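Worksheet for the structure shown next.
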Amino acid sequence: MRNSTRSGVDPFIVMDVMEAARRAEEAGRTIIHMEVGQPGTGAPQGATDALAKAMKEGPLGYTVALGLPALRQRIARMFGEWYNVDLNPERVVVTPGSSGGFLLAFTALFDSGDRVGIGAPGYPSYRQILKALGLVPVDLPTAPENRLQPVPSDFSGLDLQGLMVASPANPTGTMLDHTAMQALIGAAHEQGASFISDEIYHGLEYEAKAVTALEVTDECYVINSFSKYFSMTGWRVGWMVVPEDQVRVVERIAQNMFICAPHASQVAALAAMECEDELQANLDVYRANRALMLKGLPKAGFTNIAPPDGAFYVYADVSDLTHDSRSFAAEILEKAGVAVTPGLDFDPVRGHTTLRFSYARSTADIEEGLLRLQRFMAERSVSVG
Ligand SMILES: Cc1ncc(COP(=O)(O)O)c(C=O)c1O
């Protein structure tokens, strides 16, 4: 059967790493997982308790397309608590994960052939979803001196219809401060480009609080999720905040594309928002892991890293060690028993010389992984040099 040209999207290379790690585990090896971008913890206890209760009480059928009103209200309240932003709950759309939010946003905002700027390195699915929708992803190669975040000069004159940013970002964990966010939004609007802010790693910050695009303007789409801070990846629930005059447009698309986000997950998500103690305890683990990584990676020989402000990743320039990150990652898995992600997923051009390390798992795993990396690199430098 014939396929559309739109459907020719690239695979997620990290999935290949995960499969290789799984095979090694099947063969009896213990592998330390620094490749996966998800918490090792499950949904907070309060979330699963609330769902167990709701399952006894009712059928959990469809919700309205925009999501449970109580959840939309609670999310709006959170914007007050986290950022001091007064948000009308009517502007909140509950989505099937932030991935569902991307589909809704890109469909609502752009026509076929429209050009959308994305930072490179960046989360790979932006590029693939844009392509699958017949849109044109425009990679904006970012500079180390800008901590691998885009700046206005990266897209001046590029005739973009959209600009998508993430702060904290995947794979770097770097953030945009208020001034940087304001500059990007201003430059995007000057060019007539719609601004989309992926805020999925908000809540996972270590030095300063992340800035929401809504602190700068209401003329933007903000996309977020319960996957990371709330530790609910597989529940497939997230949210989007859109300008008031966009709500009905998004609602009509959501009704047709998804009907609604999973009802059970919405119930759990609402309860998860009251589980601050457990979520902060998870954050304490990431904070400890981050400190270990920032000490242990350079000790192993991965010296070229931008200290991450948030999320749970470290992105390393390994151009002094390899020009083939894919085979380097395979060698690390094979010889050190540590799964890491080659940068190619995030930057098709410069990713040949970068690796992403995730520190989302337990502190014991991170300690063991760093020891293994240090041993492997010491042996490698003897055999290479
Ligand atoms: C930057 C970024 N945005 C979005 C997603 C997708 O998350 P969700 O589970 O909400 O669909 C991820 C997943 O890793 C991510 O890293």
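The table that follows gives values for the structure above.
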item: Selection status of residue 333, part of a helix (DSSP H, G or I) and farther than 21 Å from residue 98 by Cβ; result: yes
item: Test for residue 182: is it under 29 Å from residue 290 (Cβ atoms), surrounded by fewer than 23 Cβ atoms within 10 Å (Cβ to Cβ), under 22 Å from the mean Cα position of the chain (by Cα) and at pLDDT 95 or above; result: yes
item: Search result, residues across region 59-92 that are away from the ligand (no atom under 16 Å from the Cβ) and of a type in the set (Gly, Ala, Ser); result: 61, 65, 70, 76, 80
item: Selection within region 93-109 - surrounded by fewer than 21 Cβ atoms within 10 Å (Cβ to Cβ) and more than 12 Å from the ligand (Cβ to nearest atom); result: 107, 108
item: Residues satisfying the stated conditions in region 133-162, i.e. within 15 Å of the ligand (Cβ to nearest atom) and aliphatic (A, V, I, L, M); result: 148
item: Which listed residue, of 286, 229, is in a helix (DSSP H, G or I), modelled with pLDDT of 95 or more and among the aromatic types (Phe, Trp, Tyr); result: 286
item: Residue tally, condition free of Cβ contacts under 8 Å to residues at least 40 places away in the same chain and within 16 Å of the ligand (Cβ to nearest atom), over region 221-257; result: 2
item: Qualifying residues in region 359-385 (those that are under 23 Å from the mean Cα position of the chain (by Cα) and among the aliphatic types (A, V, I, L, M)) - the one farthest from residue 228 (Cα to Cα); result: 366
item: Residue in region 164-174 that is more than 15 Å from the ligand (Cβ to nearest atom), farther than 16 Å from residue 102 by Cβ and in a loop (DSSP other than H, G, I, E, B) present; result: no
item: Cβ pairs under 7 Å, 6+ apart, first in region 360-372 and part of a helix (DSSP H, G or I), second small (Gly, Ala, Ser); result: 363/288; 370/296; 370/300; 372/336; 372/337
item: Residues located in region 243-278, provided they are of a type in the set (A, V, I, L, M) and not in a helix (DSSP H, G or I); result: 259, 261, 273
item: Any chance residue 129 is aliphatic (A, V, I, L, M), within 16 Å of the ligand (Cβ to nearest atom), in a strand (DSSP E or B) and in contact (Cβ under 8 Å) with a residue 24 or more places away in the chain; result: no
item: Condition check for residue 282: among the polar types (S, T, N, Q) and under 13 Å from residue 357 (Cβ atoms); result: no
item: Residue among 333, 355 that is crowded, with 23+ Cβ neighbours inside 10 Å and out of contact with any His (no Cβ under 8 Å at 6 or more places or on another chain); result: 355
item: Residue within region 334-343 that is hydroxyl-bearing (Ser, Thr, Tyr) and touching an Asp or Glu at 6+ places or on another chain (Cβ under 8 Å) present; result: yes
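The values are calculated or read from the model by the stated rules, or taken from the named source; none is laboratory data. No experiment lies behind these values; they were computed from the predicted model shown. Cβ: placed from backbone, ideal geometry, glycine included. Neighbour counts: every protein chain shown.
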